[in-house]
Structure formats: C-alpha cells, structure tokens
Amino acid sequence: MNKVVANADEAIRDMQDGAVIMSGGFGLCGNPENLIKAIHRKGVKNLTIISNNCGTTDKGLGVLLQSKQVRKMIASYVGENKELEVELNPQGTLAERIRAGGAGLGGFFTPTGAGTQIAQGKESRVIDGKEMILEKPLKADYAIVRAWKGDKWGNLVFRKTARNFSPMMATAARITIAEVEKLVEVGEIDGDEVHVPSVYVKRIFKGTSYEKPIEKRTVRKA
C-alpha cells in the first residue's frame, strides 16, 4: 500500500512512445510541473495529451509540443500556444467524456455542438424534442496530476481552483501518478477532506521547485 516513489523520473519509468496521457491543469493553474519536466527529459514521443489546454509556448505542456513529443492534443481551448493542432471539445463535453471514461460508461448524448462542425461524423438522435449527439468516453494510459496534499496510500487533497479536471482524470486512467506539495503519513488526512480516494492512485511523490507561473497577470490601474 506504500505507493511512494522517489521522484517524477521514477514515477514515469514505464512510459513509452505512443502513450495516451491525461494531464490536470487549467491554463497554467494546477499543472503537474515535475511530471511534465520528467516526460520532457525522458523524450517519449507520439504522445496523445488530453487536457483542458496546452499551456503556453514555453510553459506547462507547451514544452512537450516545442520538443515535438506530442502527436495529438484533445482539449477545449487552444490557449496561448502557437504550435499545436488539436481536437477541440466544448469544455463541459470534455469534462463529461473524462468522467464517463472513469465511470465505465459507453458514452452520452448531449445537445452541445448539435448542428455544428462538432457533430460531423457523430451519431445523433432527437430526445425530448432536442437534437443530441453521441459523445464517447475518454480514457488514458496515464493520468498525471498535482495535488496540494497526499498521504502515502495516495489519498489526495487539492487546493481551490488548482483542483480543476484532476479528480475525474484520476479515475479514467490505467495508471494515475500524483505529485504533491505536502506528503503526509496515512491517517493525517481526514476522510471528509479527501478529493481523490487512494484506490485510484498508483504512484505518488513529493514535488519540488514549483514555479506556479501566472499566464496573464492583470492588476488594477493606479
């Protein structure tokens, strides 16, 4: 039950070319910074990345695009990155596709995107008088997430908006890897505070040297 590994490099030791990876984060908020850097160092290629967006050109997941390691990006937003080609999803649809993958569902019908380019090539039905399209679930080989606190069994607690897509991604991958800012002993986290139960987490480690960059800083004019 001790799932602790020494660092990010050990955590991705078996990651290979062609892997499908879900990555938590919204813009640059909540990015698994240590794991992204480890993937960059490892040099695995032809990756499919599932994330809300791909950071900026030189921050977050953008570094993997710059190094030509990413084959496909499934996201809801192009972001500030100028190098990627993506399969765009409405943001709520992206979240629900990930949740469906974790729940073992075969898909779901949604009115979002009906009658637009999003619907091309997808099954459609009229339900309760509304046209709906079938969206299929998303699953991954790996989910990489960053939590504020975790214990050695893998129970995770996120902090505020840095939680974003991470809890649902943790349920939808074959191997979920968590880097945490605070690694504590089992029993130090109250059960009511847990956002991701340990059953979903395969590996965990204490991250270091967090930058926590801000994509665009806006301040009040004097």
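The values are calculated or read from the model by the stated rules, or taken from the named source; none is laboratory data. Small disclaimer: the values here were computed from a predicted structure and weren't measured. Because the Cβ atoms are built from the backbone with ideal geometry, glycine has one as well, and the counts that use them run over all protein chains shown. Note: areas computed on protein heavy atoms with side chains; ligands, DNA, RNA excluded. Shrake-Rupley method; radii C 1.70, N 1.55, O 1.52, S 1.80 Å.
Quick test of your reading of the structure: Ser51 fulfils all but one of (1) within 26 Å of Leu156 (Cα to Cα); (2) open to solvent by 20 Å² or more (accessible area, probe 1.4 Å). Name the failing condition by number.
The number of the failed condition is (2).
Restricting the stretch 174-203 to residues that are over 19 Å from Leu28 (Cα atoms) and in contact with a helix residue (DSSP H, G or I) (Cβ under 8 Å, 6 or more places away or on another chain), which is most open to solvent (accessible area, probe 1.4 Å)?
Tyr200
Which of the residues spanning the stretch 149-185 are hydrophobic (A, V, I, L, M, F, W, C), modelled with pLDDT of 95 or more and in a loop (DSSP other than H, G, I, E, B)? Break it down stepwise before answering.
In the first step, residues of the stretch 149-185 are kept if they are hydrophobic (A, V, I, L, M, F, W, C); the result is 153, 156-158, 162, 165, 168-170, 172-173, 175, 177-178, 180, 183-184.
From what's left, modelled with pLDDT of 95 or more: 153, 156-158, 168-170, 172-173, 175, 177-178, 180, 183-184.
Correct list: Trp153, Phe158, Ala172.
What number of residues in the stretch 105-123 are loosely packed, with under 15 Cβ neighbours inside 10 Å, over 14 Å from Pro90 (Cα atoms) and of a type in the set (Gly, Ala, Ser)?
Of the residues in the stretch 105-123, 2 are loosely packed, with under 15 Cβ neighbours inside 10 Å, over 14 Å from Pro90 (Cα atoms) and of a type in the set (Gly, Ala, Ser).
Please verify whether the stretch 204-213 includes one or more residues that are modelled with pLDDT under 95, of a type in the set (Asp, Glu) and part of a loop (DSSP other than H, G, I, E, B).
yes
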